[in-house]
Amino acid sequence: MASTFGFDEKAMRARRHARERRFRAYAITAIALAGLFLVFFMVDISIKGASAFRQGELLITVNYSPEIYANPNMALDPEVAQIVSRSFIRLIPSMMDEDSTLSGTTRELWVLASADTDQYMKERPNRLKPRQQKLVDSMMQQGTAKLAFNTGFFTSGDSKLPELAGIFSAAVGSFYVLLLTLLFSFPVAVMCAIYLEEFAPDNRLTQIIEVNINNLAAIPSIIYGLLGLAIFINFMGVTRSSVLVGGLTLSLMTMPSIIISTRAAIRSIPPSIREAALALGATPLQVVWHHVLPLSLPGILTGTIIGLSRAMGETAPLLIVGMMAYIPDVATSFSSASTVLPAQIYTWASDSQRAFAERTAAGIMVLLVLLLSMNATAIWLRNKYERKW
Amino acid sequence: MTLGSALQLAFMLIVPLAVLGFALANRQTQADNARGTEHHSPRAYYAWYSVCWVALPAILIFFFASLLHLLHLVTIPSTILLVGAVGLGIFGLYFSQKTISKEFRAIHRVEKVVRVTLIAASSISILITIGTVVSVVFEAMHFFKLVGLWNFLTGTKWSPETAFLFSTGRADSSVAPPEFGSVPLFAGTFYITAIAMLVAGPMGLFAAIYMAEYATPAVRKIAKPALEILAGIPTVVYGFFAAITVSPFIVQVATSLGLQADFTNALAPGLVMGVMIIPLVSSLSDDVINAVPQAMREGSYALGATQSETITKVILPAALPGVVSALLLAISRAVGETMIVVMAAGLMPNLTWNPLKSMTTVTVSIVDSLTGDQAFDSPQTLSAFGLGLVLLVVTLCLNVVSLVVIRKFREQYE
């Protein structure tokens, strides 16, 4: 083809198209890498955590003789005693105290294996001696050692022994903290959003409030921890690491995001609805209460759920107000010390015992399932009630 | 009786009183209606008017009493508070029932009360801001009194461990004095932030370009929620992933290349933090790219430009303020991020350019100094507030600049 402008158009077009393809490839690579990371991350966590849902158990003979009050280890074959969870052995005397018929008898029981035995049965690194490994092998062949579903993980609290540690008390703590967060932040945030959208005159004060809310939403979460420490704990004397201080701290953090999403939901209601109600003689408050709020409720709820799920995964401010302490018990009141799921994950992750690594990953899986189902609920709500005016 | 139990008791007494007021007013207006009297306002508002009179005085009394108590100004005995609050509640009940009449405009009164409540709720954001700034500044002042602002800002050595010995007077000449030079902390913070932005900037931007310009609706429908999932993963989980999977991997790769890498290197948290920030960059950029009017694209295509030429020469320049503001927000997020660095970045302050070395950041030092068992007035504990103040100032500046960029340079397409 003849060259019109004195240079090779064909080559130039080819170059331009090559550049186009390259650019497109960059864009696809970027999104594919993000997707790949997500897949890799999920698979990695699942592989690391899946084994925690199964727990080694041993069928052993317990000899309830009176001598064991002096030394509980005597109840078991000395070889077996080394591969059984210490928690069980410690409990034998109190079991005999509770049930007087036990004394002098021998029973066969399924009990928890020690963390190292458990790890050996899962073919993970462990500290069992070769002799103990042989014993476990032979027990597995005889069927007196098995990997069973780990119900204890869901029903018990934290423990220093990995085989006993569970997420129940952390989950209950998370629930209470979220409940308080919702109670403190939701009413105030919705009232604030209603005022700003429906009633506020455009003056200096409202502008300051608006700028403030945007700034609050962008403050690093750890600063809220410092705030909680300085104001709630040192100044007001709220108990450290209590459910109350966690809920208060997180509600300060969640409030701006609920306000912002509530305002967006209220703003999406067309003015014609308000005008129609006003024209029929409704007062401004009636317009809000009877029309604007019910119509924007799905949007408000969506924003609230997303805000709460963010609060549920938040760890840094809670570390500052002391919610990473070792607390194995379930919280019974708002002032009792508690831990929450992310803090529990953090504590386990920093533990040096290997068996805690799988518990950490399993805890992460539970947390992710909870968070994803909250987010899915939010998306479902949004899709179900989304309407075009 | 403590203030807390008085509050509880008052709550238990005031709620039934309010319900009683509601019921009485309701009954009276109903009876009036039955006799054929037309009230000025809808009936429910008379009932709510009564509730306001019963509950509001009690709430206000307890609010101000708690405030005075907390500020250590005056402590009013709780019994007096309780009696006063409940007494006023009973008086309010009596008074409100007296006022209810045919001509009484209850609706306007109730609306006024509600409006004031709404204003009070909105002002809480100001209170939180003031509270944050005052509490952090106040504690930071204590710290700077002990350490000195200039030393803090320019010192290159951070070793606060011995501070508690000095504050309790147990130190002798063999103990090195604590040092609070924050330069290595800020260097570490900005270094890790830079690594994160090297990941999140290009990837987030290209992801946004792909979703806004190239993706078919079907692909977009999958890609967008996938990115949202990335945004919803808690940072403690990212931290675990960085420490357990990414760090050992980097150490392995470095060793096979003949390099020396620390187990808590700066690269792992940087990379993972970058992935964490991708959704922030991409969703904000996606919004601004979508906001560029279609006519500009069509104009560019009409002149014969390819799609990539249109994007780089027309759309991105038009969307630039929005993109810049998204990147600034991402930087502020990375600077303030805590859990990933706490779990994967190490505790040793280290002034180095080598990303394979251990580094520490401002947020790590804050957590580190507040999770020990020290007295609250020890310089080490207080240093957290000094660092927090600087962190607050830096992130607020970034946010303000990003808002200004958006507002100043926004193109108007009309």
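The values are calculated or read from the model by the stated rules, or taken from the named source; none is laboratory data. Everything quoted here is computed from the prediction, not taken from an experiment. A quick note on method: Cβ atoms are made from the backbone with ideal geometry, for glycine too, and the neighbour counts reach across all protein chains shown. Only protein heavy atoms, including side chains, enter the accessible area calculation; ligands, DNA and RNA are left aside. Shrake-Rupley method; radii C 1.70, N 1.55, O 1.52, S 1.80 Å.
For first residues located in the stretch B:196-216 and touching a residue at least 40 places away in the same chain (Cβ under 8 Å), partners that are basic (Lys, Arg) and lie 6+ apart or on another chain with Cβ distances below 6 Å form the pairs B:MET211/B:ARG220.
For B:THR363, the conditions (1) under 30 Å from A:ILE222 (Cα atoms); (2) surrounded by fewer than 21 Cβ atoms within 10 Å (Cβ to Cβ); (3) touching an Asp or Glu at 6+ places or on another chain (Cβ under 9 Å) are fulfilled apart from (2).
Looking across the stretch A:91-109, the residues that are open to solvent by less than 90 Å² (accessible area, probe 1.4 Å) and of a type in the set (A, V, I, L, M, F, W, C) come down to A:ILE92, A:MET95, A:MET96, A:LEU102, A:LEU109.
Could you grab me the full set of residues in the stretch B:370-398 that are part of a helix (DSSP H, G or I) and over 13 Å from B:PHE143 (Cα atoms)?
The answer is B:LEU370, B:LEU391, B:LEU392, B:VAL393, B:VAL394, B:THR395, B:LEU396, B:CYS397, B:LEU398.
Answer yes or no as to whether B:ALA242 is touching a Pro at 6+ places or on another chain (Cβ under 8 Å), open to solvent by 30 Å² or more (accessible area, probe 1.4 Å) and assigned to a helix (DSSP H, G or I).
So B:ALA242 does not fit the description; no.
On inspection, A:ILE28 fails the criterion of being assigned to a helix (DSSP H, G or I), within 14 Å of another protein chain (Cβ to nearest Cβ), in contact (Cβ under 8 Å) with a residue 60 or more places away in the chain and not polar (S, T, N, Q). A single member of B:ILE289, B:ILE250 is in contact (Cβ under 8 Å) with a residue 24 or more places away in the chain and open to solvent by 10 Å² or more (accessible area, probe 1.4 Å), and it is B:ILE250. The condition (being within 16 Å of B:ILE59 (Cβ to Cβ) and more than 10 Å from chain A (Cβ to nearest Cβ)) is satisfied by just one residue among B:ILE124, B:ILE90, B:ILE119, B:ILE80: B:ILE90. Restricted to the stretch A:145-155, and to residues there that are open to solvent by 30 Å² or more (accessible area, probe 1.4 Å) and outside any helix (DSSP H, G or I), the residue that is farthest from A:THR332 (Cα to Cα) is A:LYS146. Residues in the stretch A:4-20: is at least one within 14 Å of chain B (Cβ to nearest Cβ) and over 30 Å from B:ILE209 (Cβ atoms)? Yes, the stretch A:4-20 contains a residue that is within 14 Å of chain B (Cβ to nearest Cβ) and over 30 Å from B:ILE209 (Cβ atoms). In summary, helices (runs of 4 or more DSSP H) completely within the stretch B:253-316 and bearing 2 or more residues that are under 24 Å from the mean Cα position of the chain (by Cα) occur at B:267-291. Taking the residues in the stretch B:98-112 that are surrounded by fewer than 16 Cβ atoms within 10 Å (Cβ to Cβ) and either acidic (Asp, Glu) or in a helix (DSSP H, G or I) (or both) as candidates, determine which candidate is nearest to the other protein chains (Cβ to nearest Cβ). The qualifying residue nearest to the other protein chains (Cβ to nearest Cβ) is B:HIS108.
Between A:LEU229, A:LEU205, which is facing chain B (nearest Cβ under 10 Å), under 24 Å from the mean Cα position of the chain (by Cα) and assigned to a helix (DSSP H, G or I)?
Values: A:LEU205 fails: under 24 Å from the mean Cα position of the chain (by Cα).
After ruling out the rest, the residue left standing is A:LEU229.
Of the candidates B:GLU161, B:GLU179, the single residue that is in contact with a strand residue (DSSP E or B) (Cβ under 7 Å, 6 or more places away or on another chain), closer than 30 Å to B:LEU356 by Cβ, modelled with pLDDT under 90 and surrounded by fewer than 21 Cβ atoms within 10 Å (Cβ to Cβ) is B:GLU179.
Scanning the stretch A:234-254 for residues that are in a helix (DSSP H, G or I), facing another protein chain (nearest Cβ under 9 Å) and either within 26 Å of the chain's Cα centre (by Cα) or at positive phi (or both) returns a single hit, A:LEU252. Does the stretch B:380-392 include one or more residues that are among the aromatic types (Phe, Trp, Tyr), more than 26 Å from B:GLY204 (Cα to Cα) and open to solvent by 20 Å² or more (accessible area, probe 1.4 Å)? No; the residues of the stretch B:380-392 include none that is among the aromatic types (Phe, Trp, Tyr), more than 26 Å from B:GLY204 (Cα to Cα) and open to solvent by 20 Å² or more (accessible area, probe 1.4 Å). The sole residue among A:ALA361, A:ALA376, A:ALA343 that is within 12 Å of chain B (Cβ to nearest Cβ) and without any contact (Cβ under 8 Å) to a residue 12 or more places away in the chain is A:ALA376. Every condition in (1) β-branched (Val, Ile, Thr); (2) closer than 25 Å to A:LEU368 by Cα; (3) open to solvent by 30 Å² or more (accessible area, probe 1.4 Å) is met by B:THR255 except one, and the failing one is (2).
Table: residues versus (1) in contact (Cβ under 8 Å) with a residue 12 or more places away in the chain; (2) farther than 14 Å from B:SER125 by Cα; (3) crowded, with 24+ Cβ neighbours inside 10 Å; (4) not small (Gly, Ala, Ser).
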residue: A:GLY228; (1), (2), (3), (4): yes, yes, yes, no
residue: A:GLY237; (1), (2), (3), (4): no, yes, no, no
residue: A:LEU252; (1), (2), (3), (4): yes, no, yes, yes
residue: A:MET255; (1), (2), (3), (4): yes, no, yes, yes
residue: A:ILE258; (1), (2), (3), (4): yes, no, yes, yes
residue: A:ILE266; (1), (2), (3), (4): yes, yes, no, yes
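In this structure, A:GLU57 does satisfy being outside the structural domain of A:GLU358 (by TED's automatic domain parsing), in a strand (DSSP E or B) and touching a residue at least 12 places away in the same chain (Cβ under 8 Å).
Would you mention how many residues in the stretch A:278-301 are open to solvent by 10 Å² or more (accessible area, probe 1.4 Å) and in a helix (DSSP H, G or I)? Qualifying residue count, the stretch A:278-301: 15. Looking only at residues of the stretch A:161-202 that are assigned to a helix (DSSP H, G or I) and of a type in the set (Asp, Glu), we find that the one that is surrounded by the most Cβ atoms within 10 Å (Cβ to Cβ) is A:GLU197.
Of all the numbered requirements in (1) at pLDDT below 85; (2) surrounded by 12 or more Cβ atoms within 10 Å (Cβ to Cβ), A:ASP44 misses one, and that requirement is (1).
Out of (1) buried (at least 18 other Cβ atoms within 10 Å of the Cβ); (2) in contact with a helix residue (DSSP H, G or I) (Cβ under 7 Å, 6 or more places away or on another chain); (3) closer than 30 Å to A:ILE47 by Cα, what's the single condition that is false for A:PHE88? Single failed check for A:PHE88: (2).
With respect to the conditions (1) open to solvent by 20 Å² or more (accessible area, probe 1.4 Å); (2) aliphatic (A, V, I, L, M); (3) touching a Phe, Trp or Tyr at 6+ places or on another chain (Cβ under 6 Å), A:ALA30 lacks only one, and its number is (1). Is there any pair with a first residue in the stretch A:176-188 that is over 14 Å from A:THR249 (Cβ atoms) and of a type in the set (Val, Ile, Thr) and a second that is open to solvent by less than 60 Å² (accessible area, probe 1.4 Å) and modelled with pLDDT under 95 whose Cβ atoms are under 7 Å apart and which are 6 or more apart or on different chains, and what are they? Close Cβ pairs (under 7 Å, with a partner that is open to solvent by less than 60 Å² (accessible area, probe 1.4 Å) and modelled with pLDDT under 95) amount to A:VAL188/A:MET255; A:VAL188/B:ALA121; A:VAL188/B:ILE124. Residue count for the stretch B:347-360 satisfying the condition of being within 26 Å of the chain's Cα centre (by Cα) and either surrounded by 24 or more Cβ atoms within 10 Å (Cβ to Cβ) or of a type in the set (Phe, Trp, Tyr) (or both): 2.
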